[in-house]
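The values are calculated or read from the model by the stated rules, or taken from the named source; none is laboratory data. Quantities reported herein were computed from a predicted structural model and do not represent experimental measurements. Using ideal geometry, Cβ is built from the backbone for each residue, glycine included, and neighbour counts are taken over all protein chains shown. For accessibility, only protein heavy atoms count, side chains too; no ligands or nucleic acids. Shrake-Rupley method; radii C 1.70, N 1.55, O 1.52, S 1.80 Å.
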Amino acid sequence: MIDRIYECSVVPELWPDVLDELAQITDSIGGMLFSARKAVNWTASESVFDAFDTYVKDGWFEKCPRRTCMMGKSQPTFFVEQDFWNEEELANNPFYRDFFHPRGLGWSAGTLLQMPTGDNIVFSIERQLDQGPIERNHVDRLNELRPHLLRSAFVSTRLGLQRAQGASETLAKFGLPALVLDAEGKFVEANDRAQSVADYVKFNEAGRRVAFSDRRSEAFLTNALKTLNVVASTDSLSFPIRNQDGNAVFVGHVMPITLAAHDIFANSYALLFFTPLDQTRAPSTDLMRSLFDMTVAETRIAKGLVKGRTLAEIAEDGSVSITTVRSQLSSILEKTGCGRQAELVGLLANIALGQSDEIPDS
């Protein structure tokens, strides 16, 4: 399933098939993917395509309360209707009453990602009205796949959900610093924007291993490449790129090139791309979660540490055991490429984890 998700990154015409598979594992009818930056692009399962074609053309998308509610919640999860409305509110909601219900729809699981590049990505899995709400065990399954769905969708939506004819065209259209690597981490190809990371990443000679000025980044890439052919749903594939002062300036993202994507990137193994961190503006908590694939619980711990709280205090605040908090801290260290708690605090303080953002209790 994860291989097929990443296949869609540069072969976006395959997204409807993957959306169908997501619908099948959640006992739903179909799914859709929206992206918005300078323009709205979207695709959907055949079973719900006509409904969402009307949804876009008739202006429902711009005013849809699902998207605004997900933006307000700012959590790294798939949401269902019960997270926002009670039964009476749903019955009186004009979007459900006048659009979804007449089409036999009305239950969904959706998630949203906002990136520092201005890209907004929305996934929604749709279930028929007479089947009832999507159950939590199905939401949990979607959440396991969420980081991979969003990472792949970010690439394909940067391409306008249009398949490029070859590696050079794909990298040029992508619009962010990007490299193509082989299985040993050797440089194959890069786009012009990759020169913006040349102070931190050495890649100028074909057939030579990509090297980082930050050894921690290099170790992360090496470890990621070793297991990239068997990516698990819990694997983190994003890591900070630091300057000489130890401040994070980019986040690197490793993405496997799988299945039909090899038609675009022949003899290649991984796409490595970089999202910039704006040092003049504090990113939101949701952005921090997205950049490092943090769970809600992990983000609560990270924010507590930045505020100077001890692990014991964080455990007490969250009504969990200190053992659980330590285990989650270990996961955060691995995801951010940090070796010690103090290093983690320095990294998160540097990228200004949104101090005003509220972290939910669960």
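Exactly one residue out of Phe265, Phe273 is touching a residue at least 12 places away in the same chain (Cβ under 8 Å) and part of a strand (DSSP E or B), and it is Phe273. Could you tell me whether any residue of the range 267-275 is open to solvent by less than 30 Å² (accessible area, probe 1.4 Å), in contact with a His (Cβ under 6 Å, 6 or more places away or on another chain) and closer than 21 Å to Leu333 by Cβ? Within the range 267-275 (the criterion being open to solvent by less than 30 Å² (accessible area, probe 1.4 Å), in contact with a His (Cβ under 6 Å, 6 or more places away or on another chain) and closer than 21 Å to Leu333 by Cβ), the answer is no, since none of the residues qualifies. Among residues of the range 63-89 that are over 19 Å from Leu105 (Cα atoms), those with a Cβ under 7 angstrom from a residue that is part of a loop (DSSP other than H, G, I, E, B) and not hydrophobic (A, V, I, L, M, F, W, C), sequence gap 6+ or separate chain, pair up as Ser74/Ser284; Ser74/Asp357; Gln75/Pro360; Pro76/Thr295. Of all residues in the range 1-51, those satisfying the criterion of being under 14 Å from Ser152 (Cα atoms) and acidic (Asp, Glu) are Asp3, Glu7, Glu13. Would it be correct to say that Leu171 is open to solvent by less than 60 Å² (accessible area, probe 1.4 Å), under 30 Å from Ala44 (Cα atoms) and without any contact (Cβ under 8 Å) to a residue 24 or more places away in the chain? Here the answer is yes, as Leu171 does meet what is asked.
Among residues of the range 8-21 being out of contact with any Cys (no Cβ under 9 Å at 6 or more places or on another chain) and surrounded by 23 or more Cβ atoms within 10 Å (Cβ to Cβ), the one that is nearest to Leu105 (Cα to Cα) is Leu19. Residues that are at pLDDT 95 or above and open to solvent by 30 Å² or more (accessible area, probe 1.4 Å) within the range 105-131 comprise Trp107, Gln128, Leu129, Asp130, Gln131, listed in sequence order. Meeting the requirement of 2 or more residues that are open to solvent by less than 50 Å² (accessible area, probe 1.4 Å), the helices (runs of 4 or more DSSP H) wholly within the range 23-101 are 46-57, 65-73.
Identify, please: which residue in the range 307-362 is β-branched (Val, Ile, Thr) and open to solvent by 20 Å² or more (accessible area, probe 1.4 Å) and is, among those, modelled with the lowest pLDDT?
Here the answer is Ile359.
The combined condition, being at pLDDT 95 or above, open to solvent by less than 20 Å² (accessible area, probe 1.4 Å), in contact with a Gly (Cβ under 6 Å, 6 or more places away or on another chain) and on the phi < 0 side of the Ramachandran plot, is not fulfilled by Ile134. Scanning for something at pLDDT below 90 and within 19 Å of the chain's Cα centre (by Cα), does the range 38-50 turn up at least one residue? Checked against the condition, which is being at pLDDT below 90 and within 19 Å of the chain's Cα centre (by Cα), the range 38-50 yields at least one hit. Can you pull out every residue in the range 198-215 that is touching a residue at least 40 places away in the same chain (Cβ under 8 Å) and in contact with a helix residue (DSSP H, G or I) (Cβ under 9 Å, 6 or more places away or on another chain)? Hits for the range 198-215 are Tyr200, Val201, Val210.
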